[in-house]
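The values are calculated or read from the model by the stated rules, or taken from the named source; none is laboratory data. Because the structure is a prediction, the values reported are computed rather than measured. When we count neighbours, we look across all protein chains shown, and the Cβ atoms used for this are built from the backbone with ideal geometry, even at glycine.
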């Protein structure tokens, strides 16, 4: 009754291409196989990035899809100095997350998931965390340095003044101990701080102490919000209270020092406003009296030059 409903290979639709199963799988997993690499030097190009990351993945034992290069494609935005690096497999992309902070052509680069990464979908495609068996020391990275920014001990640091530099923030956080991982979140287009960061301490036992001591501290016109990144944050245990008290004292000193560092340099000039009116300055005799009064009062605090 409907002779053309299912056309033969020689019929109307016989010449349409059929996407191979492998190609369909690659397309479906692409969001989980891509890696964002930021902070690239101007000299970077697709070939050097692909070669470098393939070699590094092999060096740390991150290749899981068999022999050959881990990187299958690279796209670079030269203006904004970032790249999307596509790996062969989801597991290899997860292993690449451990390369955050690695030095590429003299520049430390940031390795992140791209904005289209869907954690819930990716969880069904393969491992979402780097393997614990990676030999990061082979490429000059500390084990856990990047993977350390995930997990229950990750700390959110919000309310940071935009003019705070990364070294200043690290110095404040490291009052409680060495950091295993640190990430000051920046605008991808401008490179400016977004006013918040994440960190993980080498000694996770100080996490709650640091959060309690830092949270609520005034920094200029901002107030710090410091807590565990996951909402199920805990409170310091009783035995930590003395440590917390000492830490709060140290932080108070640290904050004072930071404020002093951020103040403009002192000069020999003092500006006084709303001291006299225009009419008073029009009278020469009154002008001289005002000048003499100013010299007399100012000389009480030092020599007037």
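Selection over the stretch 117-127 of residues that are assigned to a loop (DSSP other than H, G, I, E, B) and touching a residue at least 60 places away in the same chain (Cβ under 8 Å) gives a count of 4. Test residue 290 against the stated conditions and say whether it is surrounded by 10 or more Cβ atoms within 10 Å (Cβ to Cβ), at pLDDT below 75 and in a helix (DSSP H, G or I). Against the criterion (surrounded by 10 or more Cβ atoms within 10 Å (Cβ to Cβ), at pLDDT below 75 and in a helix (DSSP H, G or I)), residue 290 does not qualify. Here the stretch 118-130 is the region considered, the condition is being buried (at least 17 other Cβ atoms within 10 Å of the Cβ) and under 25 Å from residue 197 (Cα atoms), and the residue that is modelled with the highest pLDDT is 130. Would you confirm whether or not the stretch 74-89 contains a residue that is closer than 28 Å to residue 215 by Cβ and part of a loop (DSSP other than H, G, I, E, B)? Taking every residue of the stretch 74-89 in turn, none turns out to be closer than 28 Å to residue 215 by Cβ and part of a loop (DSSP other than H, G, I, E, B). Taking the stretch 267-287 as the range and being surrounded by 11 or more Cβ atoms within 10 Å (Cβ to Cβ) and either in contact (Cβ under 8 Å) with a residue 40 or more places away in the chain or in a helix (DSSP H, G or I) (or both) as the test, the residues that pass are 280, 281, 286, 287.
Based on this model, can you work out whether residue 114 counts as in a loop (DSSP other than H, G, I, E, B), in the same structural domain as residue 131 (by TED's automatic domain parsing) and in contact (Cβ under 8 Å) with a residue 24 or more places away in the chain? So residue 114 passes the test. Out of 150, 166, one residue alone is modelled with pLDDT of 85 or more, in contact with a strand residue (DSSP E or B) (Cβ under 9 Å, 6 or more places away or on another chain) and under 28 Å from residue 59 (Cβ atoms). It is 166.
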